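A.B. asks: Structure provided below as structure tokens; questions to follow.
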Amino acid sequence: MSPDGSVNIGPMSSAWALGRTIVLGWEATSQTLANLARDGQCVINYPHADQWAKVEAIATLTGRNPPAAHKADRFTYTNDKWTPGGFTPLPSAGVRPPRIAECAIHCEAEVRGIHEPSGPDRDGFRIVETYVRTVHARRDLVDPAIGHIDTDAWSPSLYVFRDYFGTGPRLGRTRRR
Ligand SMILES: Cc1cc2nc3c(=O)[nH]c(=O)nc-3n(C[C@H](O)[C@H](O)[C@H](O)COP(=O)(O)O)c2cc1C
């Protein structure tokens, strides 16, 4: 949530998950980081591979007004990334920001800590530790036999060296499945 009450969308790829913790890498000057620090809640929305163009449609927008100096020549301020992305808000179960209806998987999360990197990148970004309260998954993406995501049905959008990809065919299964 931005201070004006609008709901900002921050396209991002630098994330990893362990248990219910999802760690997000956010550029220090992003509006998303300011919002996470102030509001303490978010929804992590996972687009399907074929939705990459919707993400790209908001890639040069920022919710920060005016845009950070190093982005001023490439980015435009807006407090509505929903319309250009073709996204629709869907109320969340337990956090203030809504989910993106078009995404099939959502994690409602609260911020547990914002950490400074210790290296020379210290000023560039922050490590945002979130704790997932609620997971929503579209029913057809869940394998009822194991109660987990069916990886034959779900191909998340992957951002690889600034190009968009989906997943390929499964190469193997872990014994822990
Ligand atoms: C596919 C994609 C992935 C991105 N991943 C990240 C990321 O992991 N961390 C980050 O700080 N910015 C990332 N960005 C850039 C931010 O989305 C960009 O800085 C944007 O302006 C942030 O919006 P905000 O200022 O409204 O928060 C990514 C952009 C795209 C299009």
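A.B. asks: Could you say whether any residue in the stretch 25-36 is farther than 24 Å from residue 92 by Cβ and more than 10 Å from the ligand (Cβ to nearest atom)?
C.D. replies: First, the residues of the stretch 25-36 that are farther than 24 Å from residue 92 by Cβ: 27-29.
Still in the list and also more than 10 Å from the ligand (Cβ to nearest atom): none.
Checked against the condition, which is being farther than 24 Å from residue 92 by Cβ and more than 10 Å from the ligand (Cβ to nearest atom), the stretch 25-36 yields no hits at all.
A.B. asks: Test residue 77 against the stated conditions and say whether it is closer than 14 Å to residue 48 by Cα and among the hydroxyl-bearing types (Ser, Thr, Tyr). I'd like the intermediate steps shown before the answer.
C.D. replies: Values: closer than 14 Å to residue 48 by Cα: no; among the hydroxyl-bearing types (Ser, Thr, Tyr): yes.
No: the conditions fail for residue 77.
A.B. asks: Something else: Taking the stated definitions as given, is residue 10 farther than 26 Å from residue 148 by Cβ and more than 6 Å from the ligand (Cβ to nearest atom)? Steps first, please.
C.D. replies: Numbers: farther than 26 Å from residue 148 by Cβ: yes; more than 6 Å from the ligand (Cβ to nearest atom): no.
So residue 10 fails the test.
A.B. asks: Taking interchain pairs and intrachain pairs at least six residues apart, which have beta carbon atoms under 6 angstrom, with the first residue in the stretch 143-163 and farther than 17 Å from residue 175 by Cα and of a type outside the set (Ser, Thr, Tyr) and the second away from the ligand (no atom under 16 Å from the Cβ) and outside any loop (DSSP other than H, G, I, E, B)?
C.D. replies: That search, which allows pairs on different chains as well, returns 153/141; 154/141.
A.B. asks: Now for a different question. Filter the stretch 54-63 down to the residues that are buried (at least 19 other Cβ atoms within 10 Å of the Cβ) and charged (D, E, K, R) and list them by number.
C.D. replies: Listed by number, the list holds a single entry, 54.
A.B. asks: Applying the selection to the stretch 51-66, what residues are closer than 20 Å to residue 5 by Cβ and near the ligand (Cβ under 9 Å from one of its atoms)?
C.D. replies: Taking the stretch 51-66 as the starting set, the residues that turn out to be closer than 20 Å to residue 5 by Cβ are 58, 61-66.
Of everything in the stretch 51-66, those that are closer than 20 Å to residue 5 by Cβ and near the ligand (Cβ under 9 Å from one of its atoms) turn out to be 58, 61, 62, 63, 64.
A.B. asks: Which residues, taken from the stretch 139-177, are β-branched (Val, Ile, Thr), surrounded by 12 or more Cβ atoms within 10 Å (Cβ to Cβ) and over 18 Å from residue 47 (Cβ atoms)?
C.D. replies: Answer for the stretch 139-177, where residues must be β-branched (Val, Ile, Thr), surrounded by 12 or more Cβ atoms within 10 Å (Cβ to Cβ) and over 18 Å from residue 47 (Cβ atoms): there is none.
A.B. asks: Taking the options 84, 97, 11, name whichever one is under 30 Å from residue 141 (Cα atoms), of a type outside the set (A, V, I, L, M) and not in a loop (DSSP other than H, G, I, E, B). Reasoning before the result, please.
C.D. replies: Values: 97 fails: not in a loop (DSSP other than H, G, I, E, B); 11 fails: not in a loop (DSSP other than H, G, I, E, B).
Of the residues listed, the single one that is under 30 Å from residue 141 (Cα atoms), of a type outside the set (A, V, I, L, M) and not in a loop (DSSP other than H, G, I, E, B) is 84.
A.B. asks: Filter the stretch 25-53 for residues that are in contact with a Leu (Cβ under 8 Å, 6 or more places away or on another chain) and closer than 18 Å to residue 156 by Cα; which is surrounded by the fewest Cβ atoms within 10 Å (Cβ to Cβ)?
C.D. replies: Only one residue fits best here, namely 49.
A.B. asks: Hey, does the stretch 77-97 have a residue that's surrounded by fewer than 16 Cβ atoms within 10 Å (Cβ to Cβ), free of Cβ contacts under 8 Å to residues at least 24 places away in the same chain and either farther than 22 Å from residue 5 by Cβ or among the β-branched types (Val, Ile, Thr) (or both)?
C.D. replies: Checking the stretch 77-97: at least one residue is surrounded by fewer than 16 Cβ atoms within 10 Å (Cβ to Cβ), free of Cβ contacts under 8 Å to residues at least 24 places away in the same chain and either farther than 22 Å from residue 5 by Cβ or among the β-branched types (Val, Ile, Thr) (or both).
A.B. asks: Sort out which residues of the stretch 100-119 are in a strand (DSSP E or B), more than 23 Å from residue 70 (Cα to Cα) and either without any contact (Cβ under 8 Å) to a residue 24 or more places away in the chain or among the basic types (Lys, Arg) (or both), and write them in order of number. Talk me through it step by step, then tell me what you get.
C.D. replies: Step one: of the stretch 100-119, the residues in a strand (DSSP E or B) are 100, 105-115.
Narrowing the set further to residues that are more than 23 Å from residue 70 (Cα to Cα) leaves 100, 105-113.
The answer is 112, 113.
A.B. asks: For the stretch 3-19, enumerate the residues that are surrounded by 14 or more Cβ atoms within 10 Å (Cβ to Cβ) and within 18 Å of residue 108 (Cβ to Cβ).
C.D. replies: 7, 8, 9, 10, 12, 15
A short reminder: the numbers here are calculations on the coordinates, not readings from a lab. Because the structure is predicted, anything quoted here is derived from the model rather than measured. Heads up, the Cβs are rebuilt from the backbone with ideal geometry, glycines too, and the neighbour counts pull from every protein chain shown.
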